Amino acid sequence: MGLGEGAGGAWRDAAVREAVRQGLVTAERPVAGLLDVRAVRGAAAGLRAAFGGGEVLHAFAVKAAPLVPVLRLLADEGLGAEVASPGELALARAAGVPAERIVLDSPAKTVAELREALALGLAVNADSREELARLDALLAAPGAPRDAAVGIRVNPQVGGGSIGALSTATETSKFGVPLRDEGARRWLVRAYAERPWLTRIHAHVGSQGCPLELMAAGVRDTYELAEEVNRAVGGRRIRTVDIGGGLPVNFASDDVTPTHHDYARLLAARVPGLFDGRYGLVTEFGRSLLAKSGLILARVEYTKSAGGRRIAIAHAGAQVAVRTVFAPESWPLRVAVYDARGLPKGADAVPQDVAGPCCFAGDLVAVDRMLPRIEAGDHVALLDTGAYYFSNHYAYNTLPRPGVYGYAGGQQADGTPDVVAGVRFATVRPPQTLDELVAEGGAARVADLSALR
Ligand SMILES: Cc1ncc(COP(=O)(O)O)c(C=O)c1O
């Protein structure tokens, strides 16, 4: 789906204005996450359309937005969930995602987690030879499920993208069974041949920063291994190929590029056999489904000048934008400026820093950026932050998790917001209270350390 600059911007502006007018962002609660529900539905529908109607499970990567109502919204749109921890699994279950639509990936699954996953009937991707040995033991035990959905995650070792920390198919990556290492291919073919229950194969080449051709090369190598296994076994041992997620997001403008369609078309060209009906498919997209549907809206508390630089001190910093603050070259964000009533500020751009509320000097979300002149009481919006930002809080300075609100509303024939129908909000997550923060900080155990001698 393509949110045009006009439609996206007008909706965003209407949502910001209404969020301010309806008191979702105030002096007392100076930061919130806003999620465009219509755009989320559109992105999910676009993904489904891109990969067609065969046997495909689109398992949303819960790490990108660990919020139960978001998982339910995506489940309503036909998506499942990819989980990588007991917490993420609990969220997916709380959202009502059925077990057969949940995939468990993680490099550090405990025996208890594996046992529970098998008992629940989740699909499990073993990350290592050692984990496969644990699964051997669990599946040989009396009462073990007969219809387990188990695969191996391979690392096709096709190389990394522009963000090292998110490149999972490098030669020495911690993820999966390294496919090109000495003897690995032989071991993998034998592992499948010896286990009739090992029916899936998984790869996730990387996330933001990986070129599509690199991702497609990783999928191609994974598919070719599946073909080799099935030839060796003389049948359909591997029936499902899980291609992971990783579609990069354009953080530079409102254009949605590349699209899920672009990627599906490339895969069909590079790995045609994947789509001829012999294999079920699983995808695990996260960022590409939600990033462009979300923004963080924060009040500006002060402005000042230092060494000739204008600085706006706003309430969105590392606590909601941790990657941007600590790795700004890899995670630049667009900043939009609104006035005290939530109306867009126009011309008169000057170079400014936009700083957050955290007590360290690097807590900056934009440096020396040309932006409309910001004043105290204005609002700044960090755009494209619907995935991995307001949902992935960093608890520095005991700053509270902000409220998160979904929005929708009527639209006119030309796609612009219908102000008569209005913008409606639903709370996804209420803002964290001071009492909750104090409880989390151990208030119930206030004297326990003092009592230790
Ligand atoms: C195994 C796995 N699948 C899917 C994803 C989602 O990636 P993205 O949000 O880039 O689509 C990740 C991200 O880390 C992952 O590790």
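Listed values, structure above:
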quantity: Residue in segment 74-85 that is within 16 Å of the ligand (Cβ to nearest atom), modelled with pLDDT of 95 or more, outside the structural domain of V177 (by TED's automatic domain parsing) and surrounded by fewer than 18 Cβ atoms within 10 Å (Cβ to Cβ) present; calculated: yes
quantity: Meets criteria (touching a strand residue (DSSP E or B) at 6+ places or on another chain (Cβ under 6 Å), away from the ligand (no atom under 15 Å from the Cβ) and farther than 30 Å from A19 by Cβ) for A217; calculated: no
quantity: Given (1) assigned by TED's automatic domain parsing to the domain that holds A408; (2) over 19 Å from A314 (Cα atoms), number of the condition R48 does not satisfy; calculated: (1)
quantity: Which listed residue is of a type in the set (K, R) and in contact with a Ser or Thr (Cβ under 9 Å, 6 or more places away or on another chain), from R270, R236, R231, R278; calculated: R236
quantity: Flag for S450 being surrounded by 12 or more Cβ atoms within 10 Å (Cβ to Cβ), in a loop (DSSP other than H, G, I, E, B) and of a type in the set (S, T, N, Q); calculated: no
quantity: Selection within segment 272-323 - away from the ligand (no atom under 16 Å from the Cβ), within 22 Å of V40 (Cβ to Cβ) and more than 15 Å from the chain's Cα centre (by Cα); calculated: I296, L297, A298, A316
quantity: Within segment 248-295, considering residues that are of a type in the set (D, E) and not in a helix (DSSP H, G or I), the one surrounded by the fewest Cβ atoms within 10 Å (Cβ to Cβ); calculated: D276
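Condition check ((1) modelled with pLDDT of 95 or more; (2) out of contact with any strand residue (DSSP E or B) (no Cβ under 8 Å at 6 or more places or on another chain)) across all residues:
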| position | (1), (2) |
| --- | --- |
| A355 | yes, no |
| A366 | yes, no |
| R369 | yes, no |
| A376 | yes, no |
| A421 | no, no |
| R429 | yes, no |
| A439 | yes, yes |
| R445 | yes, yes |
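Residue by residue, here is whether (1) at pLDDT 95 or above; (2) touching a helix residue (DSSP H, G or I) at 6+ places or on another chain (Cβ under 8 Å); (3) not charged (D, E, K, R) holds:
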| position | (1), (2), (3) |
| --- | --- |
| R195 | yes, yes, no |
| D221 | yes, no, no |
| T240 | yes, no, yes |
| P258 | yes, yes, yes |
| L267 | yes, yes, yes |
| D276 | yes, no, no |
| G286 | yes, yes, yes |
| L289 | yes, yes, yes |
| V300 | yes, no, yes |
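Yes or no, residue by residue, for (1) within 18 Å of V380 (Cβ to Cβ); (2) among the β-branched types (V, I, T):
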position	(1), (2)
G9	yes, no
V16	yes, yes
A32	yes, no
A39	no, no
G42	no, no
A59	no, no
G78	no, no
L91	no, no
A94	no, no
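The values are calculated or read from the model by the stated rules, or taken from the named source; none is laboratory data. Small disclaimer: the values here were computed from a predicted structure and weren't measured. No Cβ is skipped: glycine too gets one built from the backbone with ideal geometry, and neighbour counts run over all protein chains shown.
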